[in-house]
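Have a look at the structure below, then the notes.
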Amino acid sequence: MQELDGGCRVTASQTYVQTPAAKAAYEARWQRIMDCVNLKQPDRMPVSMFATFWLAKYGGITNRQLMYDYEKVEEIGERAILEFEPDAHSNLVLQCALGPSLDAVGFKQLQWPGHGVSDTQPYQYLDREYMKADEYDEFLFDPTGYYLSKYLPRIAGAFEGLDELPYLPGLHYLRMLSGIIPFINPRIRESMEKVIKAAEEVKRLNDHQFEFIARMKMHGFPTAFGTTSIAPYDLIADYFRGATGMMKDLYRNKEKLLQLMDKAVVFILRQTFAAAKQWNHPIVFIPTHWAADAFMSQKQFETFWWPSFRKLIIGLIDGGLIPMPLWEADCTKRLEVIRDIPPGKCIYWFERTDMVRAFEVLGDVVALRGNISPSLLTTGKPDEVDAAVRHLAENVFHKGGKLTLDAAFGLPDETPIENVRAMYAAARKYAS
Amino acid sequence: MAEMTDQEKQLVEWLADMNEDGAFALAKKMLLEEGANPVRVLELCRNAMDIVGKRFEKGEYFLPELVLAGEMLENIGAIAKPLIKQAPGEEPKKLAKVLIGTVHGDLHDIGKNIVTFMLDINGFEVKDIGIDVPVKTFVDEINQFQPDVVGLSGFLTLAFDSMKETIEAIQDAGLRDKLKIMIGGGQVDETVRNYTGADAFGNNAIEAVSLCKNWMVVAA
C-alpha cells in the first residue's frame, strides 16, 4: 500500500491555505505521534482529543442537534480544537453527525436522539441476535450471500427487499438469463433505490468530514486516525450473535465459531485497507469490546479472542498500517499475551488497565495512549484531574513510555468543561 | 441437603462442569422416565450453581459459564417446574428482597440480567424492573415491593447522574434508611459510589451476591 500520511492528501471542495507556521505546527504534531509509534522519544508528550457527545455540552446544543447538523458539529469541533490544541483529533463529524445517514438507511442496531432515546441522550447500541445460532454453516459457505439475503436486511430497512435477491452462484452461461428475472421484483428495486439514496447521504457526511480534516490541517492539526476496524471475536459477538449468544457459542458452536473468525480476518482486512486508503491515514482505530480480564478466562482469551485478532494486527502491519486497539475495561491479565507483536508498529490505547503496569510490560513494544478515568473527569475537581495527568506524565512518559495522553475512552459526554481545560493544561504543563 | 445418590452426584458434576448435553439428558431422564422428585432435582441444580459461583469467585469461571449455567437451569426448570405439586406455603423461604433496574437514560441490560440470575439462584427474591427506569418508577416500586436492597445498574457515564438522582429521590421519599443501595456496571468505581451516595458498588454478579448476603447477615 502506498504511504499514507495522515490526511495530507484529502480532497476538499475548497482550497485551504496553510501558513508556514501552521505547516510547521502540523508537522511537529504528526512527528510527535509517529515518534511514539516508532518508539523514539518525542520532543514532548503528545495529547490527543477524542470526543462525541461531549461536543454538545461544549457547544451548548442538544445531542439531537449534534447528530443532525453537519455545519454545527464542524463549528463546535473547530472551536474545541482551537481552544485545546491537541496534537491529534478524532473524526468528530463522522462520529457525531450520523443522524441523516442513519435515517436514510433505516438503521436498526442503534437507538439515537429522536429514535428511541431523548434529545439529550447519546446513541446506544441494541444488543440482539442478528445472526441465529444455526446460521454458521450458511455464513461460512457464502459470506456475501449471507450478508445480502440475511444480515443487511436485518440491520437496515433500506436492504429489506434484498432478501428476495436470486441466488447468484450457479447462474452460468444462458442459465444466467432466466436467473436475473427476479431483479424486476418491485421490492428489490425499491430496496436498491433506498440504498442509493442512503449512499448519497453518507457521501455528504464523508465530504463534511473531509472538509473538516482539511480545515484542521490548515490550522495545523492532524487527525489521530483515519478508519476503524474490529476484532473478529467482537464482530461476531456484538454485531451478529449478541453478547449472550456468543458466550453460549463458546461451548455449543466452538469449532464453527473459530472457523468463522478465521474467515472474518480476511474480509475485515480487505475492508480496512480500502477505508484506510480512502481516508489517507495509516492509523487504524480498533475499539475492542470483549478482551477484558473479567469477560473470559485466560484460556478462553488465548483460544477464542487473541489468535484471530493477532492475525488481523499482523495483516494490518504487513500492509503498512498502524493498528491502534483501544483495550476497553481492565486488561491487566492480558498484557503478557498481547505483547506478542512486532515492536514499533502499534499504539495500544488502554481504558481501565493501570497505565504504569502497561508501560512496564509493553513499554519496549508499543506506543501507549490514555487514560484519565471517566469517573474522575465527570465527577472530580480540576486539581484532581491535574494530579492524574501528572501521575501519568511522571510515571510513564518521563520514564520512557511513548504515551499520548487522552481520556480513557475519549471525553465522557458529561465532563465539565473546566475539567477538560484542566486535562489539556496539565498535559502541556507536565509534557516536557 | 440429603445424601446424594451416584446419579445425583453425576448431575451436579455435569452441570458444574458445563456438560450441557449430558446434564440436560440426565435431568430429563430422571424427571420424565424415573419419576424423580422435581423439587429434589431443582435442589441439585442449585447445588451445582453454588459450585459454579465458587469457581467464578476463584477466577476459574467467567461470564460465559454464568450465562450457560443460567441457560441449563432454565431448560431443566422448564421440565421440572410443571411437575411440582406443591402445597401453598411450601416454597423455600427467600433470603431477602432485591429490586433491580437500569437507571434512566441507559438501555443496557446484560450485566443487570446476570446479576438478577445470580441473586435468584442464591435464594433472593429479585424483582427486575427493566432498563431506562425513571426515578419515580424506582420510588413507586420500592413502596410497593418493599425491598431490602436496591440495585442500580448503568453502563454509560450518564448513569452516574441518573444513579445520584435516583438515590436522592429515594432519600426524599423517606425510604433510604430502610434499605441498602448497590450500584454496578461499566465505569462504576469507588469515585462513582461516593458521588452517587450508594452504600456499595460491585464489579461483577458474585460481588453483588456477596454484598447482599453480608447485609442480610448484619441485619439478622
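What about residue B:58, is it more than 10 Å from chain A (Cβ to nearest Cβ), under 25 Å from residue B:207 (Cβ atoms) and surrounded by fewer than 17 Cβ atoms within 10 Å (Cβ to Cβ)?
Here the answer is yes, as residue B:58 does meet what is asked.
Looking only at region A:96-122, filter to residues that are under 18 Å from the mean Cα position of the chain (by Cα) and under 10 Å from residue A:66 (Cβ atoms); which one of those is nearest to the other protein chains (Cβ to nearest Cβ)?
Out of the qualifying residues, it is A:122.
Restricting to region A:166-194, what's the tally of residues that are of a type in the set (Ser, Thr, Tyr) and in contact (Cβ under 8 Å) with a residue 40 or more places away in the chain?
Count: 0.
I'm trying to understand the selection: among the residues of region A:372-390, which are touching a Phe, Trp or Tyr at 6+ places or on another chain (Cβ under 9 Å) and more than 12 Å from every other protein chain (Cβ to nearest Cβ)?
A:386, A:389, A:390
Considering only residues of region A:123-138 that are in contact (Cβ under 8 Å) with a residue 60 or more places away in the chain and either among the small types (Gly, Ala, Ser) or more than 14 Å from chain B (Cβ to nearest Cβ) (or both), which is nearest to residue B:154 (Cα to Cα)?
Among those residues, the one meeting the criterion is A:130.
Wholly within region B:67-182, which helices (runs of 4 or more DSSP H) include no fewer than the required count, namely at least 1 residues that are within 13 Å of chain A (Cβ to nearest Cβ)?
B:110-121, B:158-172
Can you find a residue in region A:21-36 that is assigned to a loop (DSSP other than H, G, I, E, B) and farther than 25 Å from residue A:407 by Cβ?
Within region A:21-36 (the criterion being assigned to a loop (DSSP other than H, G, I, E, B) and farther than 25 Å from residue A:407 by Cβ), the answer is no, since none of the residues qualifies.
Scan A:325, A:282 and give me the residue that is surrounded by fewer than 24 Cβ atoms within 10 Å (Cβ to Cβ) and under 21 Å from residue A:47 (Cβ atoms).
It is A:282.
Each row is one residue, and each column tells you yes or no for (1) in contact (Cβ under 8 Å) with a residue 60 or more places away in the chain; (2) among the aliphatic types (A, V, I, L, M).
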residue: A:35; (1), (2): yes, no
residue: A:43; (1), (2): yes, no
residue: A:51; (1), (2): yes, yes
residue: A:62; (1), (2): no, no
residue: A:65; (1), (2): no, no
residue: A:69; (1), (2): no, no
residue: A:80; (1), (2): no, yes
residue: A:89; (1), (2): yes, no
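Go through (1) modelled with pLDDT of 90 or more; (2) in a helix (DSSP H, G or I) for residue B:36 and report which single condition fails.
(2)
The values are calculated or read from the model by the stated rules, or taken from the named source; none is laboratory data. Since the model is a prediction, treat every value here as computed from it, not as a measurement. When we count neighbours, we look across all protein chains shown, and the Cβ atoms used for this are built from the backbone with ideal geometry, even at glycine.
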